[in-house]
Each structure stands twice: as structure tokens, then as C-alpha cells.
Amino acid sequence: MSYNIAVDGPAGAGKSTIAKLVAKKKGIIYVDTGAMYRTMALFMLRNQIDPADQESIIAKCREAEVTLGFADGQQVVFLNGENVNGLIRTEEVGNMASVISVIGEVRRNLVEKQQALAAKQDCIMDGRDIGTCVLPNADLKIYLTASSTVRAKRRYDELVAKGQSCDLEQIRLDIEERDYRDMHRELSPLKQAEDAILVDTSDMTIDEVVEKILSLSKERD
């Protein structure tokens, strides 16, 4: 039996950063499910698909082969064979990913891949519905969150560090709009699983959050 940790939470809560570090410390694989949705979103943007046109999104998603690979313990996501790791972290891609992730056909396509991977390998997986839908029997479930103001500042600093010009207030509004969409969507809404442990990172350092999750994991081992 593989050992799985599920990490859920809203955009900008630090899920990816924390999950990568926990994976490294525990010697397990990190699976960034958001990267898979972002890759599908990139495909839609490249094909100039209107976010409001669900029929076209459903038809087009069958042409996108999203696969995961691992190099030196790091996840690499491929779109039809192309490594797109460096292309999927823009706000435009993130917003499109939030839109397409509510579509049943898109979710089923990617969730099957995620479940197959977790069944074969010890992993920590992060997303919006890992503990509730993708890995309902995960050994440990964490719900990671922070205030929208804190999350916006983190995203702003991340984008500025990459040399992108951005507006802090607009990022905060985008995050709150994405939260609302994610929490109110009909299919697999973002919510804390009943057996998940809430970790609010607003006033915690990255190291403190990592140690907290490692401690919780040790209790479950």
C-alpha cells in the first residue's frame, strides 16, 4: 500500500512550496495537481478558446495529453510531449485553470491520472479537492489556508521576483474571485475534508509549516 498525504487549500496558500519541501524531507514524490489543470489551461489559451465556451473546452480537452514525469525528484509536466513547467505560472493561465476545472470532462480526465499515480507511489498531492475527492482515503489530510491579503502579497512577491509587472490590489481581487469560484462550483468544490487538519499559515514561516506537517505525519506513521 502506498502512503499518501493530501493537501488542499485556496490559491496562494503556499500548498506547492510546502508540499515540495515535505516531499523532500520524507523522501516521497510531490504531485502538483494544479500544474496539470494549468497545463490544460495553457492548451486552451494557445488555441484561443473562449473561457465561457464550455462545448469547445470539452471538445478541445481530448486533444491535450497531459502527462507527468519526475527528474531528480522534481515534477515535470508535459503537454503533448512538451515540457511546459516554465510556461504555466502566469496569472492568465491560473485564471483560465480555475474556469476549466469546474468542467466535469476536464476533471475526470485528470483525476484518473492522479489516482493512478497515488496508487503506485508514496506521494504528497496538493490541490483543491484532494482530500474530499481525489484521495478520500489519504493517510493524512491537511487544509492549508491564509488570509487573502497575505496570499496576495505572496503571489505579488513571487511574480515581481520573476520580473513580471503586476498590481497587488488586482491580485487580491483575483484571488478572492477565484476562492468564490472554487468554493461554489457544482463539481468538487474547495472545502475542508471532515478529517482534514486546518493549518492557517498567515503568521507562520515556511519552515514552521513544514515542521508542523512532518510532525502530524509522524503521528500517523
Notebook entry, point to check: What are the residues in segment 82-106 that are in a loop (DSSP other than H, G, I, E, B) and at pLDDT below 95, if any?
Noted result: R89, T90, S101, V102, I103
Notebook entry, point to check: Quick one: in segment 27-64, which of the residues that are closer than 30 Å to S217 by Cβ and of a type in the set (S, T, N, Q) is modelled with the lowest pLDDT?
Noted result: T33
Next item on the list: Go through (1) more than 28 Å from A152 (Cα to Cα); (2) not basic (K, R); (3) not in a helix (DSSP H, G or I) one by one and return the number of the condition I58 breaks.
Entry: (3)
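Residues being part of a helix (DSSP H, G or I), closer than 20 Å to G69 by Cβ and of a type in the set (A, V, I, L, M, F, W, C): count how many of those fall in segment 11-55. Lay out the reasoning, then the answer.
The initial filter retains those residues of segment 11-55 that are part of a helix (DSSP H, G or I), namely 15-26, 33-46, 54-55.
Now restrict to residues that are closer than 20 Å to G69 by Cβ: 16, 19-20, 23-24, 33-43.
This time we only want the ones that are of a type in the set (A, V, I, L, M, F, W, C), so: 19, 23, 35-36, 40-43.
Summing the residues that are part of a helix (DSSP H, G or I), closer than 20 Å to G69 by Cβ and of a type in the set (A, V, I, L, M, F, W, C) in segment 11-55 gives 8.
Of everything in segment 76-109, what is of a type in the set (K, R) and exposed (fewer than 15 other Cβ atoms within 10 Å of the Cβ)? Give them in sequence order. Working first, answer last.
Of segment 76-109, the ones of a type in the set (K, R) are 89, 107-108.
Residue satisfying the conditions is R108 alone.
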Notebook entry, point to check: What are the residues in segment 63-81 that are in contact (Cβ under 8 Å) with a residue 40 or more places away in the chain and part of a loop (DSSP other than H, G, I, E, B), if any?
Noted result: G73
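The values are calculated or read from the model by the stated rules, or taken from the named source; none is laboratory data. What you see is a predicted model; the values in this text were computed from it and never measured. Positions of Cβ are generated from backbone atoms using ideal geometry, with glycine treated the same way; all protein chains shown enter the neighbour counts.
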